[in-house]
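Reviewing the structure listed below.
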Amino acid sequence: MTTVSLTVNGQSVTADVDPRTLLVQFLRDNLRLTGTHVGCDTSQCGACVVHLNGQAVKACTTLVVQANASVVTTIEGIAQGGELHPMQAAFREHHGLQCGYCTPGMIMSAIDIVARKGNGLDEQTIRAELEGNLCRCTGYHNIVKAVAAGAQAMAQAPLRQAAE
Amino acid sequence: MTATGIGAPVRRKEDQRFVTGQGRYVDDFNRPGQAYAYFLRSPYAHARIRSIDTGPATIMPGVVAVFTGDDLAADKIGGLICGWMIHSKDGSPMKAGPHPALAQGKVRYVGDHVAVVIAETLAQAKDAAEAIVVDYEVLPAVVDTAEAAKAPVQVHDVSPDNTVFNWHLGNKDETEAAFARAKHVTKIDLVNNRLVPNPIEPRAAVGEYDPGTDNYTLYTTSQNPHVARLVLSAFIGVAPEHKLRVIAPDVGGGFGSKIFIYAEETVCVWAAKKVKRPVKWTSDRTEAFLSDAHGRDHVTHAEMATDENGKILGLRVHTTANLGAYLSTFSSSVPTYLYAPLLSGQYDIPAIYCEVDAVYTNTAPVDAYRGAGRPEATYVVERLVEKTARELGQDPAEFRRKNYITQFPHATPVIMTYDTGDYAASLDKALEIADYKNFQQRKQESARRGKLRGIGFSSYIEACGIAPSQAVGSLGAGVGLWESAEVRVNPTGSVEVLTGSHSHGQGHETTFAQLVSDRLGIPIDQVSIVHGDTDKVQFGMGTYGSRSGAVGMSAIAKALDKVIAKGRKVAAHVLEASEGDIEFKDGKFGVAGTDRALGFGEVALQAYIAHKFSGQDLEPGLKEGAFYDPTNFTFPAGVHICELEIDPDTGVTKIERWTAVDDFGVIINPMIVEGQVHGGIAQGVGQALLEGAVYDQSGQLVTASFNDYCMPRAIDLPSFQVGMTVTPCPSNPLGIKGCGEAGAIAAPPAVINAITDALGHEDIAMPATPQAVWRAAQKARMPVAAE
Amino acid sequence: MYAFEYHHPTSVEQAADLATRSEDAKFLAGGHTLLPTMKLRLAAPANLIDLGQIAELRGIQRSGDAITIGAMMKHAEVASSADVRAAIPALAELAELIGDPHVRNRGTIGGSIANNDPSADYPAACLALNATIVTDKRKITADDFFQGIFTTALDEGEIITRISFPVPAQAAYAKFRNPASRYALVGVFVARHADGVRVAVTGAGSNGVFRLPEMEEALSRNFAAEALDGIAVPEDEMNSDIHADAAYRAHLVGVMARRAVQAAAARS
């Protein structure tokens, strides 16, 4: 067993873990943060995307020991004070989800896209940047709309963005 | 229309939990003391099991138990079933081989279940599974659909030639006569490629047993929990129906693959009692590829006869359908009654004859996948119609228009009676949106850049809202296909609707609530939709075949009518008026011609306090149930147009424009309906361009991960232009036709018709991968242009 | 995944020492090849030595006519590096084509090169740019380093510390992605150096990344796509799978080479 200490959604967490524990297993099984999902075993579907030190990563391809002393944000950690994050609100408003299973990873990826590419995202950029997230329900049409709208909304909510 | 009523694009009630990570999927459930199951699967496509030695595994760390097929047999656990009996042309019943949940004596595909290890952790279960010693006698395998009946391999003892049935539909003599009269006959050979459904949530199950009450609970990723319970109790025999609770909570997509009753959930329920602990199994993606029921996999030869005016005279079709190694729950219905009855398409075809040979192979079972039979039929009809138009030198849109059915009801030669539709209206609208008249200009512009541009049509029809129970019963279904609903009005006036439909992405919590809000005149947030739990909902047939709107909501509408009728009685007592004078309008029960009225909430309260009437003349309470059995299938139809551009140097195909004009009848929530269209198109485009399950000759699944099985990504698709036309469905009270499968049905022929248009020849199969298109482009007339 | 012992040294020396002392050890860089392989139980190291906390393996330096990249630099860091973009834009563009954004946030240049997956992108850049792979023990030229699929000149326990890329006059990378995996079905890196042109191909070869001398000679004479006309790529050395057979791959090598040359030539 190895001891890990990390900050998850603003809370300090320390635990003894088997080194083979994946970050996604740690989040789901140890912390019961079940919003982060597992949809494949080859690092492609992106249902497990979380932010590790502010960057989107696949929690199914990261050992929790690699995240030691890091800051992790999951889908459960982005709404603040009971109010949805602008990207969450945009997915709801634009029907960017159906079964909801890929949604947490999509939203975490989308926020990361905005962080890297800015608030004015065109369709091609969004489609290219969603390369690491699979959705089987929506045909991506409304996800693309949601990401564009969410990106715009994030520009109007700079304080909230800074708070993340 | 109110802001939340029928026709309004209401934002989904369920999204709050999904966007915040609070959805509850099966793998999110952890029961106290649970152990983990891991299935040892066959590495061979076909082998006799000489022996299984579980001894070394049982002494591994953390192992709770190891079971094999013998243990199931000892407990008299039955095999998995196929619930639809098909008879061959000669009247003989289909040849159903045994399908044990854990192999008995033989394995028949890679991924077949050999044994299960139950351990304290999943890692320990996997470690122990590796210690099980299985002595296999490897047998030759057959994987090829077209070769299966001739192969020197026998998958099941009951079927010496690997044939499940030789079935037919239509009138052979009339069809032959039509072909004899024909001026022109167009022939085509088609492969409908095998697909893996791949909902992003893999299947999962948690079985639990309470020895104090002798009650079993199964949490499972199911589209139809009641059917699962029925099959698990009545046929497989793991628990009595009244002792088994099946819960299908949030389910992360199904597309058909979660209709079926699989080995894994069977074993989890049974084993929970054996080991006296909850048993959890969660599929990983590799297991999903190997053992989820696949879709499609047809090989077809078809011919279309036309007269001198380009009028279609007849259609004859021969299809070989691969059903895999075992008959999955509804597999036999897919290439038969969900397929051939759609071969008339939107066209007036006087004579149709279809033969279907279903075969066993050493591959994963094949069953319904989004569209189920109808995409296969549409691919045959729409490829053949397009090719005929080309051979006759006619515009493909106008050739279709000339042959459209225009009078309704219309009885086809393949047992369907179309109730209503306006196919030309959809075509006109689609041509307009697609800017068809300027296509040639765009094609020339592409040619100047060295690219091949093509346009393809798909005028599809489907039969949804399955289905009248009497009709499907006469065709071999083992169940009725009605739906149930119960409307419980609480004393405070809020409403719970219990439905036998199951939502796994379709947004029932919103659309069903819209109906209730609309009918009862109460705010939508006063309505809760309850589904997916056999302890709450009495019975239901579940969600598939685009049936939840047309059938599930019709049941709710029927129950709501009863609630309103009872409400009128209550109001009459309270308002001291005659029941006949009570009108229900805008959420109020009022006395006609007066201003005396009670709100819905007041009536609800009065119904429960029962102070104004005696239990002798009116029962207290306000709760009504209904079963709705449809009187006909519904017939959504529409026109999709795909415009694409091919880079002949690389074979890369880029979809430039997608136009969809669909007639789904009355629409409850256009936002959700359009979302269904988008998702369906994506799966259809996936089939046409990207996806294909490939087995090698030894029966190994080559495409067993997302590294090799190409799922559509955002970058592979365009935004879609979606339009609607509406002819209300006359056979259900809401006028709904259904929308869930349309895109997946319409899209594949639209794509391939566009590619063949771009190439100038017909020689391309699905999936039209860059390699396949590049090769086909070598044969095509190259445009005169510099790179 | 099988159980293993986890180590997280903070210096290259410690890491090398651990590797020498540990049974059946593997280095963990970004983990985006190794961890999936371990999850599928296709790799089972007893000891995993995480290089993620070694500061000396990080950083990007421009020094005169070369760009030097620390082995643990992530693809996203290379892609967004102003120094790389300015000196060898083709290398930044290649990094941005690897995997997907999440993979690029974890995967490292050193890990990619040490693994030498036949469809990885970086090996083509190393070979075409005539890179030097620097380890804790020596310097190895790219020509000597890549020795066939999943095979390199690295000794057991040897650690790549950085990779040095000479700045070319012009360069570009053209990648044809495997539609499913997004690895290179064919990737061609073309670089024009003062002393000639180098063309390296990944994804296509049955024995991993390789150079195309005939194209190099033709392009050294005339750095234009037309110079490649008539040069056939031999099919018999091409990889073949369900996504692309040898003939298609050979054809794509030609197409991608021409596109890379056009893109490179368009760079001032």
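Any read-out appearing in this document is the output of simple, stated calculations on the displayed coordinates, not a laboratory observation. Everything numeric here is computed off the predicted structure, so don't read it as measured data. Here the Cβ positions follow ideal geometry from the backbone for every residue, glycine too, while neighbour counts run over all protein chains shown.
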### Task
Specify the residue with the greatest mean-square fluctuation among C:Pro89, C:Pro45, C:Pro179, computed from a Gaussian network of chain C linking alpha-carbon atoms under 10 Å apart.
C:Pro179
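Given R₀ = 45 Å, FRET efficiency for A:Ala115-C:Thr10 by Cβ-Cβ distance, to 0.05?
Numbers: r = 29 Å, r/R0 = 0.64.
My answer for the efficiency is 0.95.
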### Query
Considering the dipole of chain A built from charges on the beta carbon (Lys and Arg +1, Asp and Glu -1) around the Cα centre, which of A:Leu121, A:Gln55, A:Thr42 is farthest to its positive end?
A:Leu121
### Query
In percent, how large is the relative contact order of chain C, given Cα pairs closer than 8 Å and 6 or more residues apart?
15
### Query
Given +1 on the Cβ of Lys and Arg, -1 on the Cβ of Asp and Glu, and no further charges, what dipole in debye does region A:86-163 carry about its Cα centre, rounded to the nearest 20?
120
### Task
For region C:108-124 and region A:18-93, compute the distance between their C-alpha centroids and round to whole Å.
27
### Query
So what's the gap between the Cα centers of region C:146-192 and region B:335-391, to the nearest angstrom?
47
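Quote the charge dipole size of chain B about the Cα centre in Debye, to the nearest 20; the model charges only the Cβ of Lys and Arg (+1) and of Asp and Glu (-1). Present the calculation step by step, with values, prior to reporting the outcome.
Numbers: 72 positive and 92 negative charges, 61 e Å.
The calculation lands at about 300 debye.
Give me the dipole magnitude in Debye, nearest 20, for the protein assembly as shown about the Cα centre, with unit charges on the beta carbon: positive for Lys and Arg, negative for Asp and Glu. Spell out each step's value before the answer.
Working: 108 positive and 137 negative charges, 236 e Å.
Rounded to the nearest 20 debye, it is 1140 debye.
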### Message
What is the distance in Å between the Cα centroid of region C:227-245 and that of region B:1-36?
### Response
50
#### Entry: Near-label residues of region B:699-741 by backbone N, under 18 Å of a point 7 Å along Cα→Cβ of C:Leu40
B:699-711
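Using a Förster radius of 35 Å, what is the FRET efficiency between B:Lys654 and B:Val702 based on their Cβ-Cβ separation? Nearest 0.05, please.
Values: r = 26 Å, r/R0 = 0.75.
Once rounded, the FRET efficiency stands at 0.85.
So what is the 222 nm mean residue ellipticity for chain C from helices alone, if each DSSP H run of at least 4 adds -39500 (n - 2.57) and you divide by all residues, rounding to the nearest 500 deg cm²/dmol? Let's see the in-between values first.
Values: 11 runs with 87 residues, N = 268.
Roughly -8500 deg cm²/dmol at 222 nm, from the helical runs in chain C.
Determine the relative contact order of chain B: mean sequence separation of Cα pairs under 8 Å and six or more apart, normalised by residue count, in whole percent. Provide the component values of the computation, followed by the final result.
Values: 2036 pairs, mean separation 122.4, N = 787.
So the answer I get is 16 percent.
For a Förster distance of 30 Å, can you work out the FRET efficiency between the beta-carbons of B:Asp422 and B:Asp395, rounded to the nearest 0.05? The partial results should precede the final answer.
Values: r = 20 Å, r/R0 = 0.67.
Once rounded, the FRET efficiency stands at 0.90.
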### Query
Which of the listed residues, A:Ile107, B:Val385, B:Thr58, is farthest toward the dipole's positive end in the protein assembly as shown, when Lys, Arg count +1 and Asp, Glu count -1 at the beta-carbon?
A:Ile107
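Per-residue ellipticity at 222 nm for chain B, helices alone: DSSP H runs ≥ 4 residues times -39500 (n - 2.57), over residue total, nearest 500 deg cm²/dmol? Let's see the in-between values first.
Values: 19 runs with 200 residues, N = 787.
It lands at -7500 deg cm²/dmol.
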#### Entry: Simple label model, 7 Å out from Cα along Cβ direction - C:Ile149 to B:Glu137, nm
3.5
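Given axes a ≥ b ≥ c from the Cα gyration tensor, I'd like to know whether region B:21-68 is rounded (a/c under 1.5), prolate (a/b larger than b/c) or oblate.
Details: a/c = 4.33, a/b = 1.69, b/c = 2.56.
The shape class here is oblate.
Quick one: length gained pulling B:Asp157 to B:Phe408 fully straight, 0.36 nm per residue minus the C-alpha distance? Display every interim value, and only then the final one.
Numbers: separation 251, 0.36 × 251 = 90.36 nm, distance 4.78 nm.
Gain on stretching B:Asp157 to B:Phe408: 85.6 nm.
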### Pairwise label distance in nanometres, C:Ala169 with B:Val726, each label 7 Å out on the Cα-Cβ vector
6.9
